[in-house]
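The structure appears below as structure tokens.
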Amino acid sequence: MNSRDLAVAYGTDACRLVLNLLQAMDIGSEVGSKTKVLLKPNLVMAREASSGITTHAEVAEGVIRYLLDAGVQKITIAESSWTGGDTRRAYRVCGYTDLADKYGKFGVDLLDLKVDSVHSLEVQGVRFKVFRSVLATDYFVNLPVLKGHGGTKLTCALKNLKGCIPDSEKRRYHAEGLHKPIAQLNTLIHQDLVIVDGLCGDPSSETGGNPLAMDRVIMGKDPVLVDSYVAELMGYRPEMIEHIAMAAQLGIGSTDTSHARIREFGEPRFRKIPQPDTSRLQRLRGYIADRQACSACYGSTLYALQRLEESRRLNTLRDKICVGQGYRGVRLEGSGIGACTRGLSNYVDGCPPTARNIIEFLESSVSGRFDA
Ligand code: SF4
């Protein structure tokens, strides 16, 4: 398989689809018994893959079974969940702890990158911090989920590397608008293989809520080409997604899907991803005054707003909820989420606050208890 190749398998048996693709593209010829392999799923939060948010453990299992058969003796699954998130809990909830138990005796282990040490590197005059274990691996297999994203339109191979950096860096990326630092980060971490979990991602949001059964796994070696292909499936031209265009300019890969060699295995129920109905999401987002919010604060606020709507109290919310790093040092009358909004008259503390605390805070807000 070379950088111009893309392979797509359609079906619902994730483990089998992955095994078939790896065999068909002869990936075993790229690894040996001494190769240290790192698998990077998307476990941004502790929610099951059926939510459309996280990578199915069965996708990782397909890779593990294939690589073990190919003689690989050291496979590490590595992730750092979103800012303030508990990666260990995400491993448990998403089935990866069981996976490590099942294959541990064959050299498979789990690494919570949040406790890993950090290496500092420079790109275009800017210092970037990356977890050492990611840089020390011989063969990097990226396992993103095919998802939409409120800020970047989509999240797939390029953006999934955000789980390879410490929380302080995640905050910085959000403060800088995500696209440019994501593209630059991709110059530091080489992806040997990308296997996209397109079984049931959420095309409308990175934090889920509207999973769509898309019944496919997509494999490639060029993350820019993979993301460009995914962008087109979702109805975007690759250059409409800034971090894809920037990554191409930085020489990471090609956006030219017209010259890709695409092999398909099986028949899709549909090829293009149907446009999701985002009207509810847009309505809820309308209640958030976002200034460079991290995913953790923004996603949990959105979730809390959904809960308020379900209990028919959303329309009693009087003002927009302020979220994000742009509120640091700002003094305002209003309600805010997180330590960044300490200058507001009402806020819930924490960086990020827990989803439960945000829900309780908003419930207090709509019941008028702030005025007491
Ligand atoms: S409180 Fe501010 S810095 Fe912390 S997670 Fe929320 S938006 Fe990011």
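Taken together, the values in this text are just the output of simple stated rules run on the coordinates, not laboratory data. Because the structure is predicted, anything quoted here is derived from the model rather than measured. Quick reminder, even Gly has a Cβ in these numbers, built from the backbone with ideal geometry, and neighbours come from all protein chains shown.
Quick notes
- Estimated from helical segments only, the mean residue ellipticity of the chain at 222 nm is -8500 deg cm²/dmol, where each DSSP H run of four or more residues counts as -39500 (n - 2.57).
- When +1 charges are put on Lys and Arg Cβ atoms and -1 charges on Asp and Glu Cβ atoms, the dipole computed for the range 5-265 relative to its Cα centre reaches about 580 debye.
- Whether the range 247-344 is rounded, prolate or oblate, judged on the alpha carbon gyration tensor where a/c under 1.5 counts as rounded: oblate
- Cut-off 18 Å, label 7 Å out along Cα→Cβ of R16, residues of the range 183-218 by amide N: 198-200, 214-218
- Given charges at beta-carbon only (K, R positive; D, E negative), |dipole| of the range 225-372 in Debye: 240 debye
- Residue with peak Gaussian network fluctuation, the chain [Cα springs, cutoff 10 Å], from Q325, Q184, Q282: Q282
- Ranked by how many other Cβ atoms sit within 10 Å of their own Cβ, fewest first, the residues E30, E122, E58 fall in the order E122, E30, E58.
- Gaussian network model of the chain, Cα within-10 Å springs - most flexible of I244, I53, I189: I189
- In the range 5-265, a dipole from Cβ-located charges (positive for Lys and Arg, negative for Asp and Glu) runs towards its positive end, and of G84, H179, I241 it is G84 whose Cα lies farthest in that direction.
- Beyond 36 Å, the tail of the calculated P(r) for the chain holds 21 percent of the Cα pairs.
- Among A7, I252, L99 the positive-end extreme of the charge dipole of the chain (Cβ point charges): I252
- Gaussian network model of the chain, springs between alpha carbon atoms under 10 Å - residue of C351, C297, C156 with greatest fluctuation: C351
- Three-way shape label, the range 83-162, alpha-carbon gyration tensor, a/c 1.5: oblate
- Cβ crowding within 10 Å ranks H149, H174 as H149, H174, fewest other Cβ atoms first.
- Alpha carbon centroid spacing (whole Å) that separates the range 123-159 from the range 260-281: 23 Å
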